[in-house]
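So the structure is just underneath, and the comments pick up after that.
The values are calculated or read from the model by the stated rules, or taken from the named source; none is laboratory data. Predicted, not measured: the structure shown is a model, and the values here were computed from it. Methodologically, a virtual Cβ is constructed for each residue, glycine included, from the backbone with ideal geometry; neighbour enumeration extends over all protein chains shown. Protein only, heavy atoms only, side chains kept; ligands, DNA and RNA dropped before computing areas. Shrake-Rupley method; radii C 1.70, N 1.55, O 1.52, S 1.80 Å.
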Amino acid sequence: MGVLEHKFQDNVVVASMDKLIGWARSTSPWFFQFGLACCAIEMMATAASRHDLMRIGMIPRSSPRQADVMIVAGTVTMKMGLRVKKLYEQMADPKYVISMGSCATSGGPYWQHGYHVLKGVDIVVPVDVYVPGCPPRPEALIEGLLKLQEKIQAERPLTRKSV
Amino acid sequence: MGVVQGDQMVLNIGPQHPSTHGVLRLKVWTDGEIVSEIKPYIGYLHRCFEKHSENVTYEQVIPFTDRCDYIASMNNNFGYVVTMEELMEIKVPERVEYIRVIMAELNRIASHLLALGVYGLDVGAFTPFLYMFRDRERILDIFELTCGARLLYNYMWVGGVSHDLPKDFERICIGFLDYFEPKIKEYNDLLTHNKIFLERTADVGVLPPDVAINFGVSGPNLRGSGVNWDVRKDEPYSIYDRFEFEIPLGEGEFGTVGDSFDRYWVRMCEMKESIKIIRQAIKDLPDGDVFQTIPKKIRPPKGSIYRRTESPRGDLGYYIISDGSPIPYRVKMRSPAFTALSSLGEIAQGWMLSDVIAILGSLDIVLGEIDR
Amino acid sequence: MTPTEIKETLDREFPGSVIDNEELAESQIELKPDQWLEIATYLKNDPGLNFDQLECVTGIDTGEDGPLQSRYNFHSMEHRHKIEVVISLDRNNPKVASIEQVWRVGDWFERETYDMFGIIYEGHRDLRRILCPEDWEGWPLRKDYEAQETYHGIVVPKIKEEEWE
């Protein structure tokens with residue numbers, strides 16, 4: 001971590017504010033359980049006994065005000081798309097979106113004749129990580145979450161952006 | 001002495017809600033805490049299954065049927081292929097019939113485990129959910145060993161199945177059944193005989209049998225009200241008439257006949273019966289080739305057929321109309337949860353708001369099947 | 001009772017309402033839509049027939065310029081017999097009596113057939129769309145359905161055939 005390392009006692013840690021904030025934010029993202037269809041069952045299985053999701057710091061929260069990450073799991077339809085946007089706007093910053101499954105990514109198996117299916121949730125909300133699969137395995141979802149953690153860690157919230 | 005009548009409050013539950021089993025919206029008119037009217041609004045997961053099935057071939061409809069009731073996809077497949085085989089008059093080999101029954105019953109156990117675990121979660125008990133999912137994962141391991149998928153299998157094809165059983169399937173399956181049978185006692189100790197659970201579910205949401213038949217309710221919901229109707233026994237399909245199993249009925253052990261506890265208890269007993277069926281089927285499993293009667297091109301004769309089978313939620317019906325070409329003319333899926341949900345407005349009147357959630361959980365609905 | 005006996009019973013009680021149609025199977029009866037509510041009540045209440053379970057209501061579009069059909073599957077728990085009723089309706093004015101007060105399950109089934117095909121069930125207390133949104137245009141499962149271009153600003157994309165060659 002630089003030239004100041006190991007110059008102090010053992011219980012003193014030196015880091016930059018950006019890295020500390022990144023570490024704190026990325027290691028306990030609470031997710032907003034937005035399970036819509038089949039992928040919701042795999043999301044529940046990921047949070048259950050075998051592939052425990054709480055060991056990487058994620059707890060399911062049912063209110064958008066208390067959540068950091070919204071996992072859109074399942075097909076988004078026209079009727080539901082308006083509500084997805086409303087719930088996304090109710091979440092507090094900083095917020096992230098994971099699109100789980102091929103239905104949320106691009107319409108899935110319903111892309112061709114689905115008149116009522118939204119072809120991808122990124123039409124209504126900005127997406128950070130796409131997890132493909134139909135449904136994706138719990139291990140794939142955990143990989144997507146770890147990628148999201150890397151992305152959050154790489155943000156530099158305090159660095160002044162060059163104008 | 002007049003009656004004080006306050007204003008009614010209109011409360012909106014959903015479409016995003018932790019205990020609505022999917023995207024369901026309930027509009028509730030309450031007088032304080034007591035509910036006077038409920039209207040369910042559905043259609044938030046309408047994925048145009050019937051429009052798709054008019055544009056793809058008969059084989060290509062099978063993955064779409066998986067995704068309708070995503071918790072019991074083997075049973076959805078089973079219903080579709082049984083209907084198609086009756087329309088085309090195909091007789092499948094014995095080994096295929098036994099494999100199909102084993103898979104359908106394993107999926108019935110997995111579906112009930114999920115339904116009961118999530119019901120405990122609705123009522124406030126978190127531990128049974130984790131225990132039941134632990135055991136459900138072992139069933140999903142067996143499915144993954146056979147056909148490669150955990151949740152949506154596309155396993156049963158018209159005229160056969162997609163993969164034969166792996167080499168030591170019998171040892172693994174019997175091993176699982178021996179492990180699972182004592183667990184039912186564990187669930188009973190945790191949840192069924194739990195005083196708080198009984199207070200929340202006994203006598204709550206009573207569904208009288210004639211109302212149930214009029215509302216088209218079927219499956220464990222109907223059997224919880226004491227009506228002895230199971231498609232596997234009364235209109236048998238495949239080889240279900242060769243197995244010995246009982247039909248558990250709700251008896252009002254802790255409350256009235258037809259309350260939420262009875263519907264829960266029927267599901268718990270059905271898991272034991274499914275274990276019996278699987279043991280009998282594995283004992284008699286014959287050898288043979290599973291691929292020999294799969295037709296190269298499916299062109300059923302002109303005509304229409306309606307056939308129902310028993311899915312874990314009730315009577316799953318398929319109405320298929322064929323005009324002689326490889327693409328279906330009309331496929332309609334009659335889903336059991338659709339009719340069960342339409343009866344919610346009738347049975348939930350007069351209860352408190354938290355009881356409505358307990359009643360909804362006991363009906364075991366899956367929105368993918370309702371909206372198709 | 002066999003389907004032929006049920007057909008004869010209906011012909012006797014409601015003369016003129018059974019239509020002979022060669023294309024239908026043995027267990028299907030085609031009826032005229034005029035007296036449908038009375039026939040339905042008779043099917044349910046007569047002790048010899050006692051059809052207390054309405055299994056399924058299906059809507060069918062028989063092709064361009066053909067009629068729309070509403071098919072009902074019935075089953076009796078006591079006698080264990082089944083029948084299917086077919087009612088053909090004019091495409092430009094599809095109206096038939098609603099049976100939702102006789103079998104309460106018909107409520108949602110008829111709303112769904114209205115949503116998908118546009119068949120109007122007269123006497124239904126609350127006929128509105130159930131699966132598609134309330135302001136959706138068109139009847140999706142008809143054979144000549146064209147999806148609308150946008151819905152609340154969201155584009156309902158159509159597949160451009162040239163791009164997928």
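Things to note:
- For segment B:25-42, the tally of residues that are modelled with pLDDT of 90 or more and part of a loop (DSSP other than H, G, I, E, B) stands at 1.
- For residue A:25: the one exception among (1) within 13 Å of the chain's Cα centre (by Cα); (2) facing chain B (nearest Cβ under 9 Å); (3) among the charged types (D, E, K, R): (2)
- Residue within segment C:24-44 that is open to solvent by less than 20 Å² (accessible area, probe 1.4 Å), within 14 Å of chain B (Cβ to nearest Cβ) and part of a loop (DSSP other than H, G, I, E, B) present: no
- Some residue of segment B:58-72 being assigned to a loop (DSSP other than H, G, I, E, B), hydroxyl-bearing (Ser, Thr, Tyr), over 23 Å from the mean Cα position of the chain (by Cα) and surrounded by 15 or more Cβ atoms within 10 Å (Cβ to Cβ): yes
- Counting the residues of segment B:36-45 that are of a type in the set (A, V, I, L, M) and facing another protein chain (nearest Cβ under 8 Å) gives 2.
- Among the residues making up segment B:241-275, those that are open to solvent by 10 Å² or more (accessible area, probe 1.4 Å), touching a Phe, Trp or Tyr at 6+ places or on another chain (Cβ under 7 Å) and touching a residue at least 40 places away in the same chain (Cβ under 8 Å) are B:254, B:255.
- Hits in segment B:198-240 (condition: hydroxyl-bearing (Ser, Thr, Tyr) and in contact with a Phe, Trp or Tyr (Cβ under 9 Å, 6 or more places away or on another chain)): B:201, B:218, B:237, B:238
- Picking from residues in segment C:140-165 that are at pLDDT 80 or above and away from chain A (no Cβ under 11 Å), the one that is surrounded by the most Cβ atoms within 10 Å (Cβ to Cβ) is C:142.
- Tally, over segment A:57-83, of residues that are within 20 Å of residue A:42 (Cα to Cα) and not in a loop (DSSP other than H, G, I, E, B): 8
- Condition check for residue A:80: open to solvent by less than 10 Å² (accessible area, probe 1.4 Å), in contact with a Pro (Cβ under 9 Å, 6 or more places away or on another chain), of a type in the set (A, V, I, L, M, F, W, C) and farther than 18 Å from residue A:130 by Cβ: yes
- Of the residues contained in segment C:62-70, one or more are found to be assigned to a strand (DSSP E or B), within 30 Å of residue B:309 (Cβ to Cβ) and open to solvent by less than 10 Å² (accessible area, probe 1.4 Å).
- Candidates in segment B:89-135 are the residues that are among the charged types (D, E, K, R) and within 14 Å of chain A (Cβ to nearest Cβ); of these, the one that is most open to solvent (accessible area, probe 1.4 Å) is B:134.
- Output for segment B:46-60, where each listed residue is at the interface with chain C (Cβ under 9 Å from one of its Cβ atoms) and of a type outside the set (Asp, Glu): B:46, B:48, B:51
- Members of segment A:122-154 that are over 20 Å from residue A:47 (Cα atoms) and open to solvent by 60 Å² or more (accessible area, probe 1.4 Å): A:122, A:123, A:126, A:150, A:151, A:153, A:154
- Checking C:48, C:59 one by one, the residue that is of a type in the set (Gly, Ala, Ser), in contact (Cβ under 8 Å) with a residue 60 or more places away in the chain, on the phi < 0 side of the Ramachandran plot and touching a Ser or Thr at 6+ places or on another chain (Cβ under 8 Å) is C:59 and no other.
- Residue A:76 vs. criteria within 12 Å of chain B (Cβ to nearest Cβ), in contact (Cβ under 8 Å) with a residue 40 or more places away in the chain and closer than 13 Å to residue A:32 by Cβ: no
- Just one residue in the set B:285, B:353 is open to solvent by 10 Å² or more (accessible area, probe 1.4 Å) and in contact with a helix residue (DSSP H, G or I) (Cβ under 6 Å, 6 or more places away or on another chain); that residue is B:285.
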